[in-house]
Amino acid sequence: MFEHRCQLRVRYGETDRMGYLYYGDYAEYLEVGRVEALRSLGFPYRRIEDEGVLLPVRDLHVRYHAPAHYDDLLTVVTRIRERPSARIIFDYEVRDERGELLTEASTTLVFVDKLTGRPRRAPEDLLAALAPHFASD
């Protein structure tokens with residue numbers, strides 16, 4: 001299993017009238033976690049797209065446990081639990097500074113050939129970068 005952590009601070013403009021992080025903004029926080037996780041493997045989105053591969057989101061599932069508030073420092077934990085194929089599944093936890101679980105989520109993205117618009121297998125170099133994390137499978 002691959003795991004990456006990044007931190008984000010809730011900005012005032014991201015809160016609603018109740019003072020909570022607006023529920024729709026969590027998708028952006030998950031995207032930051034996902035992008036930074038891939039970057040840490042040596043695969044910034046720009047590289048993937050320059051190699052002719054797109055990664056559209058097929059689905060998003062979110063479960064909210066507790067709200068985040070303005071100025072909270074959040075940790076987005078991003079995990080890849082299984083080897084990618086024509087899709088890659090990211091699991092997330094969003095935790096506050098005390099470590100309290102605020103949100104759990106998952107996204108499934110599909111590898112798509114930029115020229116044909118058709119699904120394709122994950123790039124071999126990405127699979128190679130992830131291989132050490134799945135050595136015991």
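The values are calculated or read from the model by the stated rules, or taken from the named source; none is laboratory data. Only a predicted model underlies this, so the values are computations on that prediction, with no experimental measurement involved. In this analysis, Cβ positions are derived from the backbone assuming ideal geometry, glycine residues included, and neighbour counts consider all displayed protein chains.
Observations on the model:
- Residues located in the stretch 62-83, provided they are closer than 15 Å to A105 by Cβ, aliphatic (A, V, I, L, M) and in contact (Cβ under 8 Å) with a residue 40 or more places away in the chain: V62, A68, L74, V76, V77, I80
Yes/no per residue for (1) within 17 Å of L127 (Cβ to Cβ); (2) outside any loop (DSSP other than H, G, I, E, B):
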site: Q7; (1), (2): no, yes
site: L30; (1), (2): no, yes
site: A37; (1), (2): yes, yes
site: R47; (1), (2): yes, yes
site: D59; (1), (2): no, yes
site: R63; (1), (2): no, yes
site: P67; (1), (2): no, no
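- E97 fulfils the conditions (1) charged (D, E, K, R); (2) closer than 30 Å to T15 by Cβ; (3) out of contact with any Leu (no Cβ under 8 Å at 6 or more places or on another chain); (4) not in a helix (DSSP H, G or I) except for a single criterion, (3).
- Test for M1: is it out of contact with any Pro (no Cβ under 7 Å at 6 or more places or on another chain), of a type outside the set (S, T, N, Q), modelled with pLDDT under 95 and exposed (fewer than 13 other Cβ atoms within 10 Å of the Cβ): no
- Cβ-Cβ contacts under 8 Å between residues 6 or more apart (or on different chains), taken from a first residue in the stretch 120-137 that is under 14 Å from R47 (Cα atoms) and assigned to a loop (DSSP other than H, G, I, E, B) to a second residue that is at pLDDT 95 or above and of a type in the set (G, A, S), are listed as A122/S85; A122/A86.
- Tally, over the stretch 69-83, of residues that are surrounded by fewer than 17 Cβ atoms within 10 Å (Cβ to Cβ) and either closer than 25 Å to L127 by Cβ or under 10 Å from the mean Cα position of the chain (by Cα) (or both): 3
- Among the residues of the stretch 90-111, those identified as under 11 Å from V57 (Cβ atoms) and not polar (S, T, N, Q) are F90, L109, V110.
- Candidate set from the stretch 4-60 (those that are of a type in the set (K, R) and in contact (Cβ under 8 Å) with a residue 12 or more places away in the chain); member that is surrounded by the most Cβ atoms within 10 Å (Cβ to Cβ): R34
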